[in-house]
1. When residues of the stretch B:131-154 are filtered for being open to solvent by 50 Å² or more (accessible area, probe 1.4 Å), touching a helix residue (DSSP H, G or I) at 6+ places or on another chain (Cβ under 6 Å) and in a loop (DSSP other than H, G, I, E, B), how many remain?
2. So which residues in the stretch B:240-267 are farther than 20 Å from C:ARG248 by Cα, open to solvent by 10 Å² or more (accessible area, probe 1.4 Å) and in contact with a Ser or Thr (Cβ under 7 Å, 6 or more places away or on another chain), if there are any at all?
3. Quick one: which of D:VAL80, D:VAL131, D:VAL119 is in contact with a strand residue (DSSP E or B) (Cβ under 7 Å, 6 or more places away or on another chain) and within 16 Å of D:ASN179 (Cα to Cα)?
4. Would a scan of the stretch C:99-117 turn up a residue that is buried (at least 24 other Cβ atoms within 10 Å of the Cβ), facing another protein chain (nearest Cβ under 9 Å), assigned to a helix (DSSP H, G or I) and touching a residue at least 12 places away in the same chain (Cβ under 8 Å)?
5. Of everything in the stretch A:200-219, what is free of Cβ contacts under 8 Å to residues at least 60 places away in the same chain and either within 11 Å of chain D (Cβ to nearest Cβ) or within 13 Å of the chain's Cα centre (by Cα) (or both)? Give them in sequence order.
6. Looking at (1) closer than 23 Å to C:MET11 by Cβ; (2) at pLDDT below 95; (3) under 11 Å from the mean Cα position of the chain (by Cα), which is the one condition that is false for C:ARG248?
7. Please state which of the following conditions A:CYS236 fails to meet, knowing it meets all the rest: (1) under 26 Å from A:GLY105 (Cβ atoms); (2) under 15 Å from the mean Cα position of the chain (by Cα); (3) more than 14 Å from every other protein chain (Cβ to nearest Cβ).
8. For B:ALA246, are the conditions met, namely being facing chain C (nearest Cβ under 10 Å) and either basic (Lys, Arg) or out of contact with any Phe, Trp or Tyr (no Cβ under 8 Å at 6 or more places or on another chain) (or both)?
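The values are calculated or read from the model by the stated rules, or taken from the named source; none is laboratory data. Note that the structure is predicted; figures quoted are calculated from it, not measured. All Cβ positions, even for glycine, are placed from backbone atoms using ideal geometry, and neighbour counts span all protein chains on display. All accessible areas refer to the heavy atoms of the entire protein, side chains included, with ligands and DNA or RNA removed. Shrake-Rupley method; radii C 1.70, N 1.55, O 1.52, S 1.80 Å.
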There are 4 protein chains.
Amino acid sequence: MDYQNVIGQVMSAAAPHIGEGAVADYIPGLAAVDPKQFGIAVATAEGQVYGDGDVGVPFAIESISKVFALALVLSRKGTVIWDRVRREPSGMPFNDLIELELERGIPRNPYINPGAIVVADQLLFDTGDAVAALRDLFRAETGNRALDVDSVIAESELRSGERNRAIGYLMSSFGNMRNPVELALDHYFRQCSFDITCTELAKAGLLVARHGLRADGSRLLERADARHLTALMTTCGTYDAAGEFAYRVGLPCKSGVGGAILAVVPDRCSIAVWGPGLDPKGNSVTGGVALEAFARATGFSVF
Amino acid sequence: MDYQNVIGQVMSAAAPHIGEGAVADYIPGLAAVDPKQFGIAVATAEGQVYGDGDVGVPFAIESISKVFALALVLSRKGTVIWDRVRREPSGMPFNDLIELELERGIPRNPYINPGAIVVADQLLFDTGDAVAALRDLFRAETGNRALDVDSVIAESELRSGERNRAIGYLMSSFGNMRNPVELALDHYFRQCSFDITCTELAKAGLLVARHGLRADGSRLLERADARHLTALMTTCGTYDAAGEFAYRVGLPCKSGVGGAILAVVPDRCSIAVWGPGLDPKGNSVTGGVALEAFARATGFSVF
Amino acid sequence: MDYQNVIGQVMSAAAPHIGEGAVADYIPGLAAVDPKQFGIAVATAEGQVYGDGDVGVPFAIESISKVFALALVLSRKGTVIWDRVRREPSGMPFNDLIELELERGIPRNPYINPGAIVVADQLLFDTGDAVAALRDLFRAETGNRALDVDSVIAESELRSGERNRAIGYLMSSFGNMRNPVELALDHYFRQCSFDITCTELAKAGLLVARHGLRADGSRLLERADARHLTALMTTCGTYDAAGEFAYRVGLPCKSGVGGAILAVVPDRCSIAVWGPGLDPKGNSVTGGVALEAFARATGFSVF
Amino acid sequence: MDYQNVIGQVMSAAAPHIGEGAVADYIPGLAAVDPKQFGIAVATAEGQVYGDGDVGVPFAIESISKVFALALVLSRKGTVIWDRVRREPSGMPFNDLIELELERGIPRNPYINPGAIVVADQLLFDTGDAVAALRDLFRAETGNRALDVDSVIAESELRSGERNRAIGYLMSSFGNMRNPVELALDHYFRQCSFDITCTELAKAGLLVARHGLRADGSRLLERADARHLTALMTTCGTYDAAGEFAYRVGLPCKSGVGGAILAVVPDRCSIAVWGPGLDPKGNSVTGGVALEAFARATGFSVF
């Protein structure tokens, strides 16, 4: 596959849409991002990295961190977590309490906010420091020893997180928290605030594309467990648009409100796209266009 | 009306049921209450007080405090509060988040937990100290200058209040809190923890029965505003059993999980009954039986 | 009480609002009604009838029929019906399926559509002809031997009743229908289509105000059972505005989308008001204003 | 791939589970099926068919028909249907009205009952006879010119379909039905009642596996549109267990309460398994075990 040529086609497809959509504005740190940026990076299973556009500009990883936190939890005690969170799609918007209440504090899956808070809580419980565990993982997979949490973003997330607090306390009232709610949320908000670039995210994504193999060749989790990561990306990786993404892109994807989307072609490559403008469902406009172009140009599809 | 004779009939009706039901057990302070207690007190608009049974034993006022907190808020800025809480019955159990989420953080009425938290928050905002305002009111109306919060109960409520925290943060996420959630909840939990006796509660209830007239003859709130207190007691004063109470008792009632129920006969009298054993809906078993017997013996009914 | 003088005050209060609100338009028969009509009639327990305005113009009784259907069912097998419908307020709009689904096909109360369909189904099951039973009752209580269903309205209701069909089949799927759904709905829609005037409705309402006593002095139902009618009117007689009506009017009320509202002062009188323009919650605008003025002028209130 | 060997492994894996689970019992025709049957058939893109067990026993196709009805609708007017039904996963059980009500009569996807009723309604609207259109398709793809609806099953479905009627009328009340509800349901119930064998279902499934190519080499629908069929099978093909199937099997699947599951390996083969015993979520127990064994033996997975 001539990835550089593919990337050229993606850039052409994305170009007319740069600047479209609305930057997330619930915290100042995200609202201040220049919307006219766009980047795409592809990391292959064989070790090459391709890219174009703003591939070196760091952004907040936000919900894409949920994939890596789940990988870490599964690598330790895979089965325990499935008592605390299910792995089914959610019919409700990504931060909805109705479903959580009807289902007695057990979130639908690890990629909606309630489920991700449970995963962060479990990772904190298992390791004593969820953020440190993720920091170690990101640094090792990307090779960037300075990769870290953006403390300004983290602080803002913490201050504006009333709804996530409601989620945490509701789960706590059903006995589904292992740490004090505020402590777990502190780790959760910092987990979402890692600064990462497209190139780095594509590299880290290889962990998923290669079913649990780390950059150093060691295995983080069993291939069978790693399949959870991609299966859940397909069914619930893009909020309330998972079905639309399955059709448009046909690859497992996970998006974040920072404007990035991570997609993987199992056993082949990992793709990171970034454009800060979001559509009404919270997915990057240019990111979606770019991944659609990528799938068309390569013919890659899991369906 | 020969109230002493009526009370005799009530005692006979309640006696076989003493000890029935389950004492609230979500906090140690309530779980430790001896279930074999029962008392009834009646305070008349003319100033007499009648009673029998354990009328001098203090208990936690719990949700009955919601009536008095609302009275205080209405006495200050009656109309403001109706932008923050509605006055319709709730179709959901008293601490349900589903309805609150569907209705964008505006509680159905001031007597379900979300609404009572809004009222406590408003009272705190208006006065600077919601608990002090209620303490002053209770002391003045009951004549007991030592009446106060049971700090052990308050502390337990605070520690076990995860679900109320979820409610508070959910309302905060919709912009419906005026104070920090934890501060408002601290006042709310202490408000629920006032220690009061049957006799005292009946005296305080005259404020409601007399449509806003205080014990000293001054007026706390306008007669028209006071009607809210009784109308809401009728439609939503006994959790999910308001319809059943309307039929069985036929008087405006407000119950609390401490085992007390306050009922009023407008312009005539206020009745406080107390028996710690609760039915599955959270209302005192003996309290319900007693009020039913009271209504039958007196013929009093608003219907 | 000088009712004629009271009615004069009511007419003055209502006059500025005549024509306000929107006529129900889901069926042609209701949409064609002239909105600039208004009438009020008062029937006293002693047998006098007072009135002014369009008291002799027939209108569709609609949901007010629910009170009388319930009275007939209670008069036969009072307790059976409470296994099929509860008597608690509903937190949802009057025709909502969500609550019905969550509560497994058992409606909240007999005055929301699902509950009224259950009552009609039971009345049909008990009598073989629910409409005939109601026709006999209305004729006897009003003295109008020609009072009958408006077949054009009934036919329109039947044709436009998709949502009520959904309700009926949902209850049927939970085993809560005794007759074929279409048959029960046919009786229900015709029950809602009785043509009645203000004067007649006030007379019929005495059955409720006098706690089950009929015009001929015989007793239709026990006083205790009759209390259900008024208690339910207070907590759920005016759709999603029961709390507001309790405050504004302070009397048990039942409204219909034909524009009428029936109110009762227990043991004293029955009041029927009619103005076709509805507020957004489905209650007559002039009707609400008129009842508020009536309550103010008489001082009558159950609270 | 040595499919006959793979099938041997599948038979060994399934054998210990034959007879497990509960046969669907809501209609007599399904309840009477002998639970101790099991079959698997594989049809390859190259035209071979492999199988073992009860591959020639006809069973009711039930919900698997939804895939083919959608294919026919997409082949005619692909875009129209997406205004009437979405393509997102559903968080609710497969026949739930709550979600349908909250989302104003627009079903989440074409594989839950409300969505399938919309698709049947559209197919009927487009063709004049939805059942005939499906019959033609099934006969052509399977080569069985006698393949037809089991009229006894269809009749039973029709008689027991109260909940689907509720769904149909609710959608009709929101304006989302093109035919009279009873007529559309008649076609829907008959569509679910086609008698088909494992071998035939595997052959018909090639239409999906080959992205819209028919047995005769003509194209029923565009490859891009055909992707909807598999994407939706992955996200919502197995009721409330889609996430679990994605993990266990890793292939697009669609199950029916008749006990069959259709799975496809895009561009390679179609697999039909059948065992009447269902797990609590409505998916065949042996079918799930068999597909898991198939995926393990072949290494096929879309993730």
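1. Selection size over the stretch B:131-154: 1.
2. Listed by number, the list holds a single entry, B:VAL257.
3. Numbers: D:VAL80 fails: in contact with a strand residue (DSSP E or B) (Cβ under 7 Å, 6 or more places away or on another chain); D:VAL119 fails: in contact with a strand residue (DSSP E or B) (Cβ under 7 Å, 6 or more places away or on another chain).
Going through D:VAL80, D:VAL131, D:VAL119 in turn, the sole match is D:VAL131.
4. yes
5. Looking only at the stretch A:200-219, we keep the residues that are free of Cβ contacts under 8 Å to residues at least 60 places away in the same chain, and these are A:211, A:213, A:217-219.
The answer is A:HIS211, and nothing else.
6. (3)
7. With (1) under 26 Å from A:GLY105 (Cβ atoms); (2) under 15 Å from the mean Cα position of the chain (by Cα); (3) more than 14 Å from every other protein chain (Cβ to nearest Cβ) applied to A:CYS236, the lone miss is (3).
8. On the way: facing chain C (nearest Cβ under 10 Å): yes; either basic (Lys, Arg) or out of contact with any Phe, Trp or Tyr (no Cβ under 8 Å at 6 or more places or on another chain) (or both): no.
Criteria not met by B:ALA246.
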